[in-house]
1. In nm, to one decimal, how far is the ALA447 label point from the ALA98 one, both placed 7 Å along Cα→Cβ?
2. What ranking, highest mean first, results for peptides 240-253, 169-182 when packing means the other Cβ atoms within 10 Å averaged over each residue?
3. I'd like to know which of PRO201, GLY165, ILE312 lies farthest towards the positive end of the charge dipole of the stretch 120-349, counting +1 on Cβ of Lys and Arg and -1 on Cβ of Asp and Glu.
4. Find how much the distance from GLU310 to GLU159 grows on full extension, using 0.36 nm per residue of separation minus their present alpha carbon separation; answer in nm with one decimal.
5. If you count, for each residue, the other Cβ atoms within 10 Å and average over each peptide, how do 363-375, 127-139, 380-392 line up from highest to lowest?
6. Just to check I understand the Karplus step: with θ = phi - 60° and J = 6.51 cos²θ - 1.76 cosθ + 1.60, what whole-Hz values come out for the stretch 132-145, glycine and proline as x?
7. Does the stretch 410-461 come out rounded, prolate or oblate, given a ≥ b ≥ c as the square roots of the eigenvalues of its C-alpha gyration tensor, rounded meaning a/c under 1.5 and, failing that, prolate meaning a/b above b/c?
8. Highest mean first, what order results for 213-224, 154-165 on Cβ atoms within 10 Å?
Amino acid sequence: MRRRTLVLRLAVAAVAVAWVFMPVVAPAQTAATTDPVVLSARLPAEFVPASLANIQQLDTATRTSTIEYIVSGTEDARSAFVAGEVDLMVSGIDLSDAQRAALQQSGRGLISAPVQAVGLEVFGFVPQIGLFPTRCDEIDEQTGEPLVECTQADRIPLEADLRLGGESLVESFYVGNNVWNSSSFVRDMGPVLPAGYRLVPPIRGARPLVRSDGDAFNQYLDAYVAITAGPQRRAALAATPGSDPNDVPSETWPGFLTPSRQGMDNVVSTIAGGLDPAGSEVALGGTISAAATGSAAEAVALNAAKPPSERIPLFRAKVQNAAGEWLSPTPDAITAAVALDGGKPLAAATNPVKGAYPIAWVNRAYAPASGLTADEANAAASFIRLQVTAGQGRAASLSDGRITSAMVAEALAAADRIVESNCAAAKGTVTTSADGAPWLPAGVLTAGPVKLCTGPATPEPEVPTESGTDTGFDTGFVDTGFSDVGFDTGVTDIPAGFDELPAEVAGEQLTAAAGSADSAGSASSGGSGASAGAIGATVSRKMPLPIPGQSLPPLDRAVTLGLGALFAMVVWKLYDRRTSFG
């Protein structure tokens, strides 16, 4: 009996010792990370529909990446990018010289690529404009009475598209007159009215509505008016308190008295609701603003799906280009416009080219030339590549135009430069992929070969010494080479959380442990000589309690063993007492 008891005690002690000193790493934690690489971005509202399918497709690649974006005006987007708050930015307004200088001084630099052809549409609603027979206006010279007795039944609705040229826009946006009764509107509509009829405008004019946040929409709408009705615009600003007639168009609307809303969605929803932006009540004379072609088309489609009694009389007006044509922003008209002057904004407002829409420009994506990790550079480049290839095929369905083939080539070259430049700074190795895989789904990109970056191997963290008192956060976090992968870009957010390594760093540790990596810098399955220190440091930050051996090795092992022995003795005594009573 005593011998069996002794054997049992020795067995328990052996199990306790083995438990203390055996490496404890969960099998799932030793596998290569599957966490996506996260890029933070600021995007304008008109770019979001064009990019969603591409953002989703990045998630279906072997090596997944995620774009976490905030929709904002172009002014805020550029400021956030220069301040290092985001990794990627899209804007229709280029960075200023001062902003470019700040990026160069910070060491981040700048690379940009054309990604979207945009059209801005004059959009709004107005109570039905009628037409009245001109014969009803004839007066008997002898009696002063109408020669023809007409009634309300003789009135017919206007069915032609509205035309709003530069002078009419001045009347509405800068002066506040009843644009429907202005001489410029009557003149512009004349050629499309049926013979023998005149306009019967609403008694009240349309309320203008602009963006309160600084955005390209304000700048390009104002710029179009400055080009087509410059003298009238200057005169109107001179007569407006607080406005300067010498103001050049910018992202901030020049007329301080013009009602505004934050963001394009709020502008569109105000119009689609038939509201007066000055008081959020029904606008008796209508409201007039501008919106991306896709947003205006969506609002019109949703309105048409309502019961007739609930519909708002929305309109999408035509504007005049330098060739004298009245055009809507169709995909073909936008495409023709951005092909002029190398994609210069509003080129069709000054170049007399038929079929080109005058309020059109190119949105560009901006990324730093230095400061992204190898994985982040691959993700940013892959996003741009999708946007200018597969994304171009979807442009017309979103009411966008297409950038030119030269712009596509420029964007693909820029994507390669983003990889090469950031890879050099991150001390990685530039490789070539035929189709962008594994960062893009295989076979999706047909414009290859393209450049990718394999991140540098991360050195094994130093083994903690007895004198250390930390629980392991600094050990491994600093020693993983985190500062070498370009995180010092000014970005203050750590997407993976404070208590665990970012995905790209964890991936590099596991790559170093496995001893090999594929062409995209992700860990391969080969290699058995894993670095226990690197893996253990990574796993310890995911565990509720420290893993034995990660801090104070001799002390915590001895304490653990002692506690285990004490627990075993207590259990054995209880068992022994119970059997002795039995």
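FYI, it's all coordinate maths here, none of it is from the lab. These numbers come from a predicted model, not from an experiment. Quick reminder, even Gly has a Cβ in these numbers, built from the backbone with ideal geometry, and neighbours come from all protein chains shown.
1. For the pair ALA447/ALA98, the computed spacing is 3.4 nm.
2. Working: 240-253: 14.9, 169-182: 22.7.
Taking the mean over residues of other Cβ atoms within 10 Å, the ranking is 169-182, 240-253.
3. The residue sitting farthest along the positive end of the dipole is ILE312.
4. Taking GLU310 through GLU159 to full extension adds about 52.4 nm, to one decimal.
5. Ranked by mean Cβ neighbours within 10 Å, highest first: 363-375, 380-392, 127-139.
6. Calculated HN-Hα couplings, in order: 10, x, 5, 5, 6, 8, 6, 10, 6, 5, 7, 9, x, 8 Hz.
7. oblate
8. Highest to lowest by the protection proxy: 213-224, 154-165.
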